[in-house]
Amino acid sequence: MSVNVRIPTILRTYTGGQAEVPAEGVTLSEVIESLEKSHPGIAARVLDDQGKLRRFVNVYVNDDDVRFEGGLQTPTPDGAGVSIIPAVAGGC
Amino acid sequence: MAKCAMGKMRRKGLAIMAAQTVATSAGSTGTSVDLGPATGLSCRECGTRFDLGPIFACAECFGPLEVAYDLPTGDPEALRAAIEAGPDNIWRYAPLLPVPADVASKPSLNPGFTKLVDAANLAKELGVTGKLYVKDDSGNPTHSFKDRVVAIAVEAARAFGYTTLSCSSTGNLAGAVGAAAARAGFRSCVFIPHDLEQGKVVMAGVYGGELVGIEGNYDDVNRFCSELIGDPLGEGWGFVNVNLRPYYGEGSKTLAYEICEQLGWQLPDQIVIPIASGSQLTKIDKGLQELIKLGLVEDKPYKIFGAQAEGCSPVSTAFKAGHEVVRPQKPNTIAKSLAIGNPADGPYVLDIARRTGGYVEDVNDEQVVEAIKILARAEGIFAETAGGVTVGVTKKLIENGQLDPSLTTVVLNTGDGLKTLEAVASDSGQTATIRPSLDAFRAAGLA
C-alpha cells in the first residue's frame, strides 16, 4: 500500500526539506519502517527506545488519531494521508 | 506613567542584582533577539538546548520547549520593592518574563493584577474554616486569563518579526488574540471549533480580525493549526500557542506571582486550577518555584489541585488510575474552554499534583452549573464554565477529604460568565414580570 506522509518541520532534515514523502506499508508500523529505509534516522525520532510512539508525537491516518485506533497497528489504506505532528501545541 | 514606573523598577531593582543563571544556559548563544532575561529554550524532556526562536518542540524527542532565564538575584527585599513600584499589570514582573526591558512602553492590553477576592461567603458555603480566596481573572481586558499569555506572545511575535497573529482556540484565546492584535498593530486570523458559545464567538469577532470556524472539535482545530504552521501557507505567522507556545505559556506564571504578592508575599497552602492543556497549572507551579528560588517568598509545602469536567477528563482519569501517561478522550462537556481531549501538558500535571500531594478531580456538567450559581450567589462573581469546574471540584475535594478546609486555599476563576450564558440561562432569568404599578408589586409579594 502506498501512502503520503506529512513530515513536521523538525523532521525535515531527514527528508531533504520535503514536507510530504511517499511510503509503503499496510500498517503504521510498516509505514515507519519504510520511512526509515528511505530516510535513515527518522524512526528513532518518532519511536522511543521500546519501539512505541513517543508521548509527544501525534500521528493521524487520514483524520483519525492513531491513539484512538490501533496505535502502530492502525491500518494504512492505499492512498491514505499520514500526518506526524508534535503534540505540544495548543491550549494553555 | 507605566513607562516611568518600569524604568524606576529597572534602576532600583537590577542595579543591585547580579545575574544568576537559574537554568543552565550551556549551548545557548542567546542570539540577537531581545527578550529580556530569556537566554534560550530548553527541552523539558531531554534537556537539549536551543537558541531563542519561534520553535516549540524538541528536534530530538518532540518534547516541549521551555524558556530558560538569567533571573535577577540579590536582596529579595529590594526585588520585592522594585516589583511593587511597577505598573499595576503583569509588566511589574518583567524581570522574570521573556520580554524586553521597555515592554511597558509598548502598545499592549496591559493585563493582570486582577483581584484576589477574600471569599468568606463561599468559604462558609463550602465548609472552609481557613481562608478561601478566588483569583478572579475575569477582570482582564477580554475577560479571561488568556490576556496574560497573549501579551507575552505578542512580545515574542515582535521580536521574531511576525506581522500576523494566530491561534487555535476554544474561544477565550481567540478574543484575547484579536484584541491584542488590534491594539498592537498586528493582523489576526484565529481558528475555533464551529460550534462555540455565541458570547465567545462575538467577543472574538468584534475586534475585526479573521475568525475562522473549523468543522470539528478543538483537537481537530489544533491539529489543523499544527499542519498549517509547517506549510508554506502558514509562513510568517505567529501562532501564539503553537510556534510561540514556549513564550506564551510563561504568561501564566504571573498568576502565581500575583497570588503570592497579594497574599503579602506568601505561598498559599492549596491552589485549585482548571486543566485544559494543563499548561496553566504547570506554569503556576514554575512561578511558585521561581519565587522560592529568588527568596521572594518563604519556602513551605503547597499542594496543587487540578480540575476537569467529567466530559473531558483525560488527566483526572489518568491521575486516579495511577498512570503516568494520559490517554486522549473525545470531549463532551459544557465546559468548552477546558474541552481539550489530548492535553499537551497532561503528563506534567500528573507529576506536579503527585509531587505536591495534591489531586486531580472532575465534576459533571450539572455540578458545574451548580457551582457557577454557588459562586455567583455567595460572592457576586459570575464565572464562566471553567470557573464552575474549579469551584465544583473544590467542593468535591472538600467533601472527599482531599482538600484541607482549615488551610489557605486559592481557587482560580479564569473567565467571565457572560461568555457562557447558555450554561445558566435556563433558570437565571426574570423571577417575576409585573405591570409598572405599586399594586402589582404588592400583589407579587415582592415587598
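The values are calculated or read from the model by the stated rules, or taken from the named source; none is laboratory data. What you see is a predicted model; the values in this text were computed from it and never measured. Neighbour counts run over all protein chains shown; Cβ positions are idealised from the backbone, glycine included.
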Looking only at region B:313-339, how many residues end up being touching an Asp or Glu at 6+ places or on another chain (Cβ under 7 Å) and either β-branched (V, I, T) or away from chain A (no Cβ under 14 Å) (or both)? 4
Qualifying residues in region A:1-42 (those that are crowded, with 16+ Cβ neighbours inside 10 Å, β-branched (V, I, T) and in contact (Cβ under 8 Å) with a residue 40 or more places away in the chain) - the one nearest to the other protein chains (Cβ to nearest Cβ): A:I10
Residue in region B:285-303 that is closer than 30 Å to B:A59 by Cα and within 11 Å of chain A (Cβ to nearest Cβ) present: no
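Do the conditions hold for B:A153, that is, is it closer than 19 Å to B:G415 by Cβ, in contact with a Leu (Cβ under 6 Å, 6 or more places away or on another chain), away from every other protein chain (no Cβ under 11 Å) and among the small types (G, A, S)?
Here the answer is no, as B:A153 does not meet what is asked.
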Take B:D269 and decide whether it is surrounded by fewer than 20 Cβ atoms within 10 Å (Cβ to Cβ), under 19 Å from B:K300 (Cβ atoms) and either of a type in the set (D, E, K, R) or more than 20 Å from the chain's Cα centre (by Cα) (or both). yes
First in region B:88-101 and of a type in the set (S, T, Y), second anywhere and outside any loop (DSSP other than H, G, I, E, B) and at pLDDT 95 or above, Cβ under 8 Å, 6 or more apart: B:Y93/B:I83; B:Y93/B:K253; B:Y93/B:T254; B:Y93/B:Y257
Take the conditions surrounded by fewer than 20 Cβ atoms within 10 Å (Cβ to Cβ), modelled with pLDDT under 50 and either farther than 27 Å from B:G234 by Cα or among the hydroxyl-bearing types (S, T, Y) (or both) and apply them to B:G74. Does it pass? no
Whether any residue in region B:335-350 is surrounded by fewer than 17 Cβ atoms within 10 Å (Cβ to Cβ) and either outside any strand (DSSP E or B) or out of contact with any Leu (no Cβ under 8 Å at 6 or more places or on another chain) (or both) is what I want to check. no
Mind listing whichever residues of region B:274-331 are among the small types (G, A, S) and in contact with a Ser or Thr (Cβ under 6 Å, 6 or more places away or on another chain)? B:A307, B:A309, B:G311
Which of (1) at the interface with another protein chain (Cβ under 10 Å from one of its Cβ atoms); (2) buried (at least 18 other Cβ atoms within 10 Å of the Cβ) is the odd one out, the single condition A:D48 does not satisfy? (2)
B:Q308 passes all but one of (1) in contact with a Gly (Cβ under 9 Å, 6 or more places away or on another chain); (2) modelled with pLDDT of 95 or more; (3) within 14 Å of chain A (Cβ to nearest Cβ); which number fails? (1)
Restricting attention to region B:217-242, which residues are within 13 Å of chain A (Cβ to nearest Cβ) and over 24 Å from the mean Cα position of the chain (by Cα)? B:E227, B:L228, B:G230, B:D231, B:P232, B:L233, B:G234, B:E235
Can you work out which of the residues in region B:194-215 that are surrounded by 15 or more Cβ atoms within 10 Å (Cβ to Cβ) and under 20 Å from B:W237 (Cβ atoms) is nearest to the chain's Cα centre (by Cα)? B:A204
